[in-house]
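The values are calculated or read from the model by the stated rules, or taken from the named source; none is laboratory data. All values derive from a computational prediction rather than experimental measurement. Quick reminder, even Gly has a Cβ in these numbers, built from the backbone with ideal geometry, and neighbours come from all protein chains shown.
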Amino acid sequence: MRVSVVMAAFNAEAYLAEAIDSLLGQSRPPDEVIVIDDGSRDRTRAILEQYGARIRSISQSNAGQATALNRALAIAGGDVLGFCDADDLWTPHKLERQAACLQASADIDAVFGQVRQFVSPDVPPERRDGMRPAIEVLNGETKLCLLIRRVAFDRVGPFDETLPATFFIEWLGRGKQRGLRYLMLDEIVALRRLHVGNGGRTNARSQDQETLLALRQVIAGRRTPP
């Protein structure tokens, strides 16, 4: 089993190194880490260069997260795929635990797990209370918590690049329609960072509208004859 982990990074200097370190420090390290620098204007590129041959990094003009991830996936060599955002973290045994599930069950296409949300330590004290999540630990049907066989991902298809913020909602809905077989690991496999730059906070209205669009596309897909 060869595992490729892909990441898109845009102006990610604040948390990027922590995210990459959480991948490279796995109890079962990934075979390949691919990071697409999506037109960053900060020190993202310089941070990526510090990792040398331990990761594969590519720079492109800003095109959005879905486009960047599709590009990374197009060159990924693994038969199993994982995902991490540039501001989030994998727990140390994520890959080992989820890979074991796939190895033990040939009928399973993918494995999710639980995610713990945390307020980033750099959030100003006066804003911390307002950012604390109502529910700290959730079942993580998100790309951050996903490990999936390449053949299963390809069967569902690439991310929809017309949905910059909610492409995974649409992708997962499409996957369920196409019979994606997955299980939810009863273990925290990832940590979602809550900070002042989260897209859902800075662009709440546009993200809500895009979420509705993604759900409409999922519903429309259900009505489309096979």
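Would the stretch 123-138 turn up any residue that is surrounded by fewer than 17 Cβ atoms within 10 Å (Cβ to Cβ), at pLDDT 95 or above and part of a strand (DSSP E or B)? The answer is yes, given that some residue of the stretch 123-138 is surrounded by fewer than 17 Cβ atoms within 10 Å (Cβ to Cβ), at pLDDT 95 or above and part of a strand (DSSP E or B). All conditions in (1) surrounded by 13 or more Cβ atoms within 10 Å (Cβ to Cβ); (2) over 18 Å from the mean Cα position of the chain (by Cα); (3) not in a loop (DSSP other than H, G, I, E, B) hold for PHE118, with the sole exception of (2).
Against the condition of a type in the set (Val, Ile, Thr) and farther than 23 Å from GLU187 by Cα, how does VAL123 come out, does it pass? Yes. Residues in the stretch 54-66: is at least one at negative phi, in contact (Cβ under 8 Å) with a residue 24 or more places away in the chain and within 15 Å of the chain's Cα centre (by Cα)? Checking the stretch 54-66: at least one residue is at negative phi, in contact (Cβ under 8 Å) with a residue 24 or more places away in the chain and within 15 Å of the chain's Cα centre (by Cα). Candidates in the stretch 167-223 are the residues that are at pLDDT below 50 and of a type in the set (S, T, N, Q); of these, the one that is farthest from PRO121 (Cα to Cα) is THR211. Going by what's in this entry, would LEU73 be described as in a helix (DSSP H, G or I) and either under 26 Å from ASP154 (Cβ atoms) or among the hydrophobic types (A, V, I, L, M, F, W, C) (or both)? When the stated conditions are applied, LEU73 passes them.
Give the residue that is farthest from PRO92 (Cα to Cα), with candidates limited to residues of the stretch 139-161 that are among the aliphatic types (A, V, I, L, M) and crowded, with 19+ Cβ neighbours inside 10 Å.
VAL156
Reported count of residues in the stretch 176-195, each being in contact with a strand residue (DSSP E or B) (Cβ under 7 Å, 6 or more places away or on another chain), within 21 Å of GLN117 (Cα to Cα) and not in a strand (DSSP E or B), is 0.
Going through the stretch 139-175 one residue at a time, which ones are of a type in the set (Val, Ile, Thr) and either touching a Gly at 6+ places or on another chain (Cβ under 8 Å) or outside any helix (DSSP H, G or I) (or both)?
To start, the set of residues in the stretch 139-175 that are of a type in the set (Val, Ile, Thr) comprises 142, 148, 151, 156, 162, 166, 169.
Selection gives THR142, ILE148, VAL156, THR162, THR166.
THR44 meets each of the listed conditions (1) buried (at least 23 other Cβ atoms within 10 Å of the Cβ); (2) more than 30 Å from VAL196 (Cβ to Cβ); (3) polar (S, T, N, Q) apart from (2).
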